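The values are calculated or read from the model by the stated rules, or taken from the named source; none is laboratory data. These figures come from a predicted structure and were not determined experimentally. Cβ atoms come from the backbone with ideal geometry, glycine included; neighbour counts cover every protein chain shown. Ligands, DNA and RNA are excluded from the accessible area calculation, which covers all protein heavy atoms including side chains. Shrake-Rupley method; radii C 1.70, N 1.55, O 1.52, S 1.80 Å.
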Amino acid sequence: KKKTHSELNVRSWWNLYADTVLKREIGSARHTGLVSEQDFKRCVWNFDETQVNWHPATNRVIVERGHRPCHIRNSGDDNIHITVLEGITMAGEFAPPFLIISGNRPEDFGRRTINAARRKQIVNEVEEAKGVVKFNPSGSMLTSLLPDFVEYCASFMDKSRNNLLIYDGHKSHT
């Protein structure tokens with residue numbers, strides 16, 4: 001860990017970032033090269049993955065400030081794994097939620113401990129927030145989900161401008 005967080009490695013990551021921003025004209029209107037600071041800040045997206053444990057005693061909830069939380073509790077099915085991808089721009093704008101839940105289909109999600117109506121309610125709450133819920137056996141991001149993730153990102157990014165998407169982007173993650 002110490003090696004990946006050395007000043008040299010952090011500086012090289014930021015140099016790569018700065019070079020990419022300049023080369024791709026991030027934030028500029030396509031083919032004009034013109035960019036304001038606010039447009040730039042709205043076009044740089046940073047996404048991070050967070051593993052959410054499914055435990056009955058948890059009081060932690062991931063929600064944008066000022067919004068109604070979606071509390072999820074159960075009675076002991078520790079085989080449920082959830083990955084939340086949260087995204088934010090440099091301007092402080094949030095992306096809708098993107099959840100990956102363990103199971104091959106919605107019916108698998110917590111089937112031993114959560115009734116069908118509650119499973120449907122959880123998925124509906126995410127979708128009402130214009131979010132996406134995907135399922136796979138591990139509950140983690142897989143290469144097979146990347147096309148869905150890119151399509152999800154394209155649904156809320158400003159298509160008239162060049163955007164930069166940083167996905168779990170620090171050198172220490174790779």
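Search segment 125-135 for residues being open to solvent by less than 60 Å² (accessible area, probe 1.4 Å) and assigned to a helix (DSSP H, G or I), and hand back the single one that is farthest from SER155 (Cα to Cα).
Looking at the filtered set, the residue picked out is GLU125.
Keeping to segment 92-115, report how many residues are outside any strand (DSSP E or B) and either within 13 Å of the chain's Cα centre (by Cα) or modelled with pLDDT of 90 or more (or both).
Within segment 92-115, residues that are outside any strand (DSSP E or B) and either within 13 Å of the chain's Cα centre (by Cα) or modelled with pLDDT of 90 or more (or both) number 5.
Yes or no, residue by residue, for (1) over 19 Å from the mean Cα position of the chain (by Cα); (2) at pLDDT 80 or above; (3) hydroxyl-bearing (Ser, Thr, Tyr); (4) open to solvent by 30 Å² or more (accessible area, probe 1.4 Å):
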site: ARG11; (1), (2), (3), (4): yes, no, no, yes
site: SER28; (1), (2), (3), (4): yes, no, yes, no
site: CYS43; (1), (2), (3), (4): no, yes, no, no
site: ILE62; (1), (2), (3), (4): no, no, no, yes
site: PRO69; (1), (2), (3), (4): no, no, no, yes
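Tell me the residue from THR32, THR58, THR50 that is at pLDDT 55 or above, in a loop (DSSP other than H, G, I, E, B) and either in contact with a His (Cβ under 9 Å, 6 or more places away or on another chain) or open to solvent by less than 80 Å² (accessible area, probe 1.4 Å) (or both), please.
THR32
Which pairs have Cβ atoms under 7 Å, sit 6 or more apart or on different chains, and link a residue in segment 123-136 that is farther than 13 Å from ILE82 by Cα to one that is at pLDDT below 85 and not in a helix (DSSP H, G or I)?
GLU125/CYS70
So how many residues does segment 147-166 have that are in a loop (DSSP other than H, G, I, E, B) and under 13 Å from PHE98 (Cβ atoms)?
Total satisfying the criteria: 2.
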